[in-house]
């Protein structure tokens, strides 16, 4: 990565997303149903980005959505699914099972060691695990050696420097200093290892206000900042909002019904339909829906209620 | 390191220091004139510990004091001195120049990579730098290899797991959860890589109070917690107190005057003299002195005044 | 609900109790995300026989949480409630890699005789017949963790439309996502330079298993009150070892059951079970 | 004090200005601890010609600090004041190792013709005649950083009691703590696989130097108004290259001097200079 020193890095979603070029390797922040940069990813789909290589840990609707629109060619994540909520990810499955994308499944510690190698400016890091599994078959780029200190076998995993880290976080300032609230998942590893970092944030605050929050990302690692409230929807971004289970339910059923249904009922309506992120927010239910997603703050009963109806299906 | 799960890890300085056995490798927290575990180190000297191997980054009075009492046999730090305040460290110099200790000088990133290797459970980490310097002569345990990915030369530095990390931090609870305020220096690396962690803290607080401070060390990495207010004296431990420049000045002049003078005028008085840490605090000036060291809070003028008189000598 | 009113335990609750019993006091224990059964087993153990265990939550990495409920997704703040702090994703994996993780829970869509697990792909991994979600951290952890409890709610082999039995405990595993006791090439964990001891317990809806100490083959140790050795043989594609004495699993106390029901008011863990198993109950 | 009242600059201030001029705008710049001269040079550059530089403070790793004063020790909170945040020690070294540190300042008690520096030991490193404090991070950084400015306030060679000249710029270096352009064995940085470009400027109390592009030997580029080529030759044990045109260093403006005096009310940086050099002044 380089050093980005302009005072004002505020951009539109479209400008930020255009930093991602066809064929690049992207690292998507957040994980599972938490703090995924959905507004930026929808913009990537709208801009028709192609042939991307996605790397990361455990993900869900973010990678599944990119699969549905043919944006990704290589998937190097450790998990893509909807856990016990909905089970397997339909668009991801179709992309893998049709051979349209290359399956380069990875594992959490392996990918962290590869990002660390890039972060430390060294060509590789050693790993003791992975041996005895079939991940070595999927990754001819890993090398094995006999350790010169222990004489035991080791796997050497090469440095991995994504072209662009795409993240959504709670707070930032115009210069690009960021405050990410935990779980940080792999965001800090992506930020340090990647050549470019584009961040959408729930709220842009003054640098003085951010200082009082004890930021955890210095501005010079960040190339663009986009203020996109609810930019992680339908995933969660506490302390602002829980994830939108009813939206995810309809997403899942549309995806289950097949690619055409998904294109017509989901992509057309929620990705290509809205002319802006604001319009997207009205489409998904506007302020009533957003207030409901914020109601987790009202106590355990209100919080729990967000996870009850409608029932998710089991794949 | 292991996993330490007892609910109450409160100990006396003497009990905590006794976890350090003769011949062990110790990692001393803090750095330069900041947050060094002086109360615990004075206790090590009182207990007559011998043949220790000290590893770390940039240090000062802590390592110099241990050198004066013949506690250390091997010094593997990146710097030991008093910067432009007093210059070179007299007891450290005598120990090295007499051949009484082995000089294993290291460098900050090298030692961090060695601690990281221990932290990651791997036998070594690669480093690109160090090549072309004479540190390779001081460290036959480093190995060199041609990188199988780049065909360029690399240095492999072995995992370094200290026996005991000795640290002084601002806050902790009885179970051992800790809040360390920055600069963290290498403390977190020591904590994760070491087999045992003994911590003195300015203040033991309730777990609920600690939670509100967002602790950065989980209890199961810490074996003992000692409440020792002003336990870093004469180094600083903000936000509590600045460093004690006048005490360090007399320390330096006694050390400059030679080993006998230092033994009689400093060790006898401040290390072997006081029967307790409380008595030490009275000896160094009691509440009047402590209030003065806290006066940095009264504004820039008061803060600056702590660094004016008495003049430090230049070595 | 308080314990006095509790007269029965469901199979799901009895199975959670079996998983909890594999946890030793004082060890650092981890479950993957999307794993309510192990999550509940860990919450239960910490509050009963293993009060000194360190509970690291599956995706938030919260330490010793006390969640108000179990949501159906693992990176949710509700699963961090009550923790004094959370560690980072790298801390968790580094802890395991340096040998400090005592136990973790792993599952698989295919399980072979040696405890190798497949959660990656059915068929050719390059163009899979069924692409499974993936192993998360299981691949690395299976090599590093001291002890592993394998759990699955899908031991019972169903018959597909083509009339073919769909075994979860298979003779041939299509992809080894996490290593058991012996690799595909017959190499032992030790020879591979792995630190962890591998799986020592396997808990399913049909019984509780360990591994034969000599052959490292799955061995039946205990059945539920309503399952038989024949059920196990019928639903296991390979030939498991049958222990000389096969016992009946101990049932949880009403206090155990009350805790489980308090932890999971949404009954999130039931989503992992077939409806036939949801109806299984045992009087206490 | 405001600029109107300023009629002269001290040598120490002029030297700080020369060090500041080696900084390019937009680069990430670091100085080691115990280095008030580079600290002041960076504070000055950030507020004059290099407003987009990233200032990483020497030991607190505070980003773009605005300290109320310069204390005589580097891990002091006063040096973090005004930063929006501080990075960690590993962040700093990793930034350099991956090639993102534009420039750093290094010094030495011995400097050889190729810019190798010794801050470790005089004599035999195993039992040194003089044990120097050590290199801190200089060893690693000298290999990794893109550009290095070497600075020293001790170019002038004193004569010891035995009547022997004590050179800082030496023919033979006892220990290479940080690598310059060519190793002890005559191997170039490139052949060593190092990423950084090595030292490009050397600022001393006698003059400003760079390195001959072909031979990589120290080359005199500029003198102070009160120093001569002969001063440099007399105080350098090896034969430095003399540039075809040796200029006189540009003097700082009163505004520059006012900033330096505001940054360092304790005149902490003067502790690094000999008294003879403290008395050197230049009219503005």
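Please treat every number below as a calculation from the coordinates, not as lab data. This one's a predicted model, so the numbers in the text were calculated from it and none came from an experiment. Every residue, glycine as well, gets a Cβ built from its backbone with ideal geometry; the counts of neighbours run over all protein chains shown.
List of remarks:
- Paramagnetic label reach from residue C:267 (point 7 Å along Cα→Cβ; backbone nitrogen cut-off under 12 Å): within the range C:1-40, residues C:10-13.
- DSSP beta bridges confined to the range B:1-154 are antiparallel in about 30 percent of cases.
- Here r is the Cβ-Cβ distance between residue C:51 and residue D:162 and R0 is 56 Å; the resulting FRET efficiency, rounded to 0.05, is 0.20.
- Residues residue C:172 and residue A:7, FRET efficiency given R0 of 51 Å [Cβ-Cβ distance, rounded to 0.05]: 0.25
- Selected from C:73, C:120, C:152 as most flexible by GNM, with chain C as the system and alpha-carbon contacts under 10 Å: C:73
- Partner chain coverage, peptide D:34-44 - average Cβ within 10 angstrom: 1
- Distance-filtered residues of the range A:58-82 - backbone nitrogen under 16 Å, label point 7 angstrom along residue A:268 Cα→Cβ: A:69
- Rg followed by Dmax, in Å, when the range B:1-124 is reduced to its Cα trace: 15.0, 46
- For the peptides B:209-217, C:22-30, the ranking by mean Cβ contacts within 10 Å, running from highest to lowest, is C:22-30, B:209-217.
- Note on B:191, B:74: ascending count of other Cβ atoms within 10 Å places them as B:74, B:191, the fewest first.
- Å³ per residue enclosed by the Cα convex hull of the range D:68-117: 135 Å³
- 7 Å along Cα→Cβ, label-point gaps from residue A:73 to other copies, nm, shortest first: 6.0
- Cβ-vector label at 7 Å, residue A:7, separations to other copies in nm: 5.7
- Cα coordinate range in the range C:205-284, projected on the principal axes (Å, largest first): 42, 24, 21
- Across the identical copies, how the residue D:171 labels are spaced - nm, sorted shortest first, 7 Å along Cα→Cβ: 8.4
- Per-residue Cβ neighbour rank within 10 angstrom, fewest leading, B:12, C:244: C:244, B:12
- Chain A residue with Cβ closest to the axis mapping A onto B, distance in whole Å: A:125, 3
- Ellipticity estimate at 222 nm from DSSP helix runs (n ≥ 4, -39,500 (n - 2.57)) divided over chain D, nearest 500: -5500 deg cm²/dmol
- Relative contact order (percent, whole number), chain A, Cα cutoff 8 Å, 6+ residue spacing: 21 percent
- Evaluated over the range D:150-246, the Cα radius of gyration and Dmax, each in Å: 14.2, 44
- Diffusion coefficient, µm² s⁻¹, Stokes-Einstein with Kirkwood Rh over alpha-carbon pairs of the range B:129-281 at 20 °C and 1.002 mPa s: 114 µm²/s
- Shielding by partners, peptide A:82-94 (average Cβ within 10 angstrom, other chains): 5
- Percent RCO, i.e. relative contact order, over the range B:186-243, from Cα pairs under 8 Å lying at least 6 residues apart: 39 percent
- Where labels lie 7 Å past Cα in the beta-carbon direction, separation of residue A:21 and residue D:229 in nm: 5.0 nm
- Considering only the Cα atoms of the range A:147-208, their convex hull presents on average a projected area of 6.4 nm².
- Between the range A:245-262 and the range D:108-176, the Cα center-to-center distance that results, in Å: 69 Å
- When the Cα atoms of the range A:209-315 are aligned to their principal axes, the ranges along those axes come out at 47, 37, 27 Å in descending order.
- Simple spin-label estimate for residue B:51 and residue B:203 in nanometres, 7 Å along Cα-Cβ: 4.3 nm
- Antiparallel DSSP beta bridges within the protein assembly as shown, as percent of all bridges there, nearest 5: 40 percent
- By the equivalent-ellipsoid construction on the alpha carbon gyration tensor, the protein assembly as shown comes out with semi-axes of 56, 33, 28 Å, ordered largest to smallest.
- Most to least packed among D:250-258, A:194-202, B:28-36 [average Cβ atoms within 10 Å]: B:28-36, A:194-202, D:250-258
- Pair-distance distribution P(r) for chain D, from all Cα-Cα distances in 10 Å bins starting at 0: 7, 29, 37, 22, 4, 0 percent.
- Dimensions (Å) - the range D:65-184, Cα atoms, principal axes, largest first: 52, 32, 26
- Sorted peptide list for C:162-170, C:84-92, criterion being average Cβ within 10 angstrom, highest first: C:84-92, C:162-170
- Here the range B:163-206 and the range D:1-48 have alpha carbon centers that stand 37 Å from each other.
- Considering every alpha-carbon pair of chain A, the percent of pairs per 20 Å bin, from zero through the bin containing the longest distance, is 33, 57, 10, 0.
- The mean number of Cβ atoms from other chains found within 10 Å of a Cβ in peptide A:163-169 is 0, as a whole number.
- When both the range A:273-291 and the range C:205-251 are represented by their alpha-carbon centers, they are found 54 Å apart.
- Compared with the rule-of-thumb size 2.2 N^0.38 Å for a compact globular protein, the range C:27-78 has a Cα radius of gyration ratio of 1.01.
- Per residue, chain A reaches -8000 deg cm²/dmol at 222 nm when only DSSP H runs of four or more residues are counted, each adding -39500 (n - 2.57).
- Scattering profile of the range C:1-156 at q = 0.09, 0.16 Å⁻¹ [log10 I(q)/I(0), Debye over alpha-carbon scatterers]: -0.30, -0.93
- For the range A:77-181, alpha-carbon Rg relative to the globular expectation (2.2 N^0.38 Å, N residues): 1.36
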